[in-house]
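For reference, the structure discussed in these notes is given below.
Values quoted throughout were computed directly from the atomic coordinates according to the rules given, and no laboratory measurement underlies them. Quantities reported herein were computed from a predicted structural model and do not represent experimental measurements. Ideal geometry is used to build each Cβ from the backbone, glycine not excepted, and the neighbour counts take in all protein chains shown.
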Amino acid sequence: MKNQKLIFFFCLLIVVVFSSFLYKHLTDKVEVRIEKSNQFTEDEINTAIKTVKERFKYFKGCQLTDIWYSEKESNAITEDYMKYGRGSENGVKEKNVIVLLSNFTVDSSGGDGSFEPNSTQSDWSWTLIRDSKNDKWQVDSWGY
């Protein structure tokens, strides 16, 4: 009986240690920077960041390292999106478009094969849209 308790204790200890490593891996820190905005509240920007993080989970073999909002950069990319991109076709209003930028690393597999192995992707843009201020952000496009 004493040996069974000892074995159970060690197994439990192994599970706890393994779980803590797994948790750390799944919650690796991503540096988030939010500049002052006249267009969006901090909560709106944080919600957009959360949406991008959720989408990024599908980037196999990649690790998000930084994500940020810069109103100046967002507005410049939004202007092009509205004139020449999908914004000129989908009827979204400019006030319902936000652009975030990010950096991420790619492992030796090259992610899904579309990235250079062992590389860093910098200034990767994420264009998010919503139908109105009360709707959820959706990633509409991404890339350079």
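A simple spin-label model places the labels of ASN118 and GLU79 4.1 nm from each other, with each point 7 Å out along Cα-to-Cβ.
Taking a sphere under 10 Å around the Cβ of ASP140 and counting the other residues whose Cβ falls inside, with K and R at +1 and D and E at -1, yields a net charge of +2.
Hull volume per residue, based on the alpha-carbon atoms of the range 29-143 and their convex hull, is 101 Å³. The H on the amide N of SER119, modeled in the peptide plane, is under 5 Å from the matching H of VAL106, each at least 5 residues off or on a different chain. Remark: the range 126-133, residue by residue, has Karplus-estimated 3J(HN,Hα) of 10, 9, 10, 10, 8, 6, 8, 4 Hz, where x stands for each Gly or Pro and the curve is 6.51 cos²θ - 1.76 cosθ + 1.60 at θ = phi - 60°.
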